[in-house]
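Right, one structure below, let's go through it.
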Amino acid sequence: MYPNLYYAFRDLFGLEIPVFKIFQTFGFFVAIAFLAAAYVITRELKRREAMGLMQGVPEKIIIGKPISQGEIIGNTVVGFLIGYKILGIFFQWDIASADLQSFMFSNQGSIVGGILLAAVMGGYKYYSSKKQASGKPEERTVLVMPHQRVPDIVVMAAIGGLLGAKIFHNLENWNDFVQDPVGALLSFSGLTFYGGLIVAATIIIIYARKKQINVRGLIDSAAPALMLAYGIGRMGCHFAGDGDWGIYNSAYSIDTNTGNTVKMAPLTFDEAIQKNSVFFQQQYSSFDQIPHASFEKPAALGFLPDWFFAYGYPHNVIKEGVQLAGCEGQYCKVLPVAVFPTPLYEIIVCLALFLVLWAIRKKVKIPGVIFGIYLILNGIERFFIEKIRVDTRYDIFGFHPTQAEIISTLLVIGGVVLITVYRKNNTATNKLS
């Protein structure tokens, strides 16, 4: 596993670049996911605009408007905060590189770096204000097309999505949140996709209505992008080892000397539990509660490596497991018993579903139906992967679903309702015309 890009470049290319410790693997893939989604949705919106399915909205803008003192002060403050932390990383590298997350959320930093960047950003804003003040403000009307709103949409999706993902995760793991609320909120791990989807979608739909963007055209354009972004985001989960894995596969164990997957006879699973009892006692109140299933690699899939079915996530970013022999540093843990690598399965399935949505987007003519199909596919995918994932289960009238199973079921129902309603409305419109 690669907790940050330093480990990735070291293992893959033999290059040790200390500054790469700043870049978390999970965050890197999340950034790539947003960029890929922005590209896909922009391309699809342009296609719909060219076909006349999406229209622009005239807006008035003022060119040459003087910059206020508040903006200059704001720029200066932001510059100081960024300089204090970002430049502080370089000026205090020995401290920051030891534990970047703790450094970022501590009061440590560089006063000199803060002052330098504050002067640069505040000075630039002041210079810009003087330059603009020399000209006369001019009001113009411009036509803003939907695809030009994508940067705003992506920023809102990023902020709303991360907040929603964090909130829903802590609601799902309330006991852990109560024990350490500050740590739970500030941790880079612990994000629930559906929470992010719900909050981000709500914010974007409100924004689209305010800006007079065709909502059904927008959500149809976003459907393939969302599926692609989810698949890429799961790459971050898998390669960082952020704890988003499945239940234990009792057909395999882990060699704690190498971190490799090895076959284990079913009868020795209890022995593996007892051997690593300290670890499992920290995770479960009773050994009987340890979720597991025995599944050996089928002969027909003999060409696949064992870790495709069971993996120990060595060097995982959340530092969960037992000590790897001969390993020194922060990230030296490996799971003592292999788990199903569910993020890997979701990567494959979601990228395939992205291709399906991308292939049918031109064939489905009724607005809103593509998004309905996305909801159904996403819900089905997540519902079945939950069967081998580790998540909190609720007791509802004798049923014990996870939060994701409840939401994924609602997504499937919602997708069916959307498709039915939109097709019915389209039929009624065609009859009237």
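The values are calculated or read from the model by the stated rules, or taken from the named source; none is laboratory data. All values reported here derive from a predicted model rather than from experimental measurement. Quick reminder, even Gly has a Cβ in these numbers, built from the backbone with ideal geometry, and neighbours come from all protein chains shown.
Structure notes:
- Within the set 230, 311, 331, the sole residue that is closer than 30 Å to residue 31 by Cβ, among the aromatic types (Phe, Trp, Tyr) and either exposed (fewer than 12 other Cβ atoms within 10 Å of the Cβ) or in the same structural domain as residue 24 (by TED's automatic domain parsing) (or both) turns out to be 230.
- Of all the residues in segment 388-433, those that are in a helix (DSSP H, G or I), among the charged types (D, E, K, R) and modelled with pLDDT under 90 number 2.
- Tallying residues that are in contact (Cβ under 8 Å) with a residue 60 or more places away in the chain and either closer than 13 Å to residue 217 by Cα or surrounded by 13 or more Cβ atoms within 10 Å (Cβ to Cβ) (or both) within segment 51-65 yields 7.
- Condition broken by residue 21, with the remaining ones in (1) within 30 Å of residue 343 (Cα to Cα); (2) surrounded by fewer than 15 Cβ atoms within 10 Å (Cβ to Cβ); (3) charged (D, E, K, R) satisfied: (2)
- Residue 326 being more than 27 Å from residue 241 (Cβ to Cβ), surrounded by fewer than 18 Cβ atoms within 10 Å (Cβ to Cβ) and of a type in the set (Gly, Ala, Ser): no
- The residues of segment 10-35 that are in a loop (DSSP other than H, G, I, E, B) and out of contact with any strand residue (DSSP E or B) (no Cβ under 9 Å at 6 or more places or on another chain), listed by number, are 14, 15, 16, 17.
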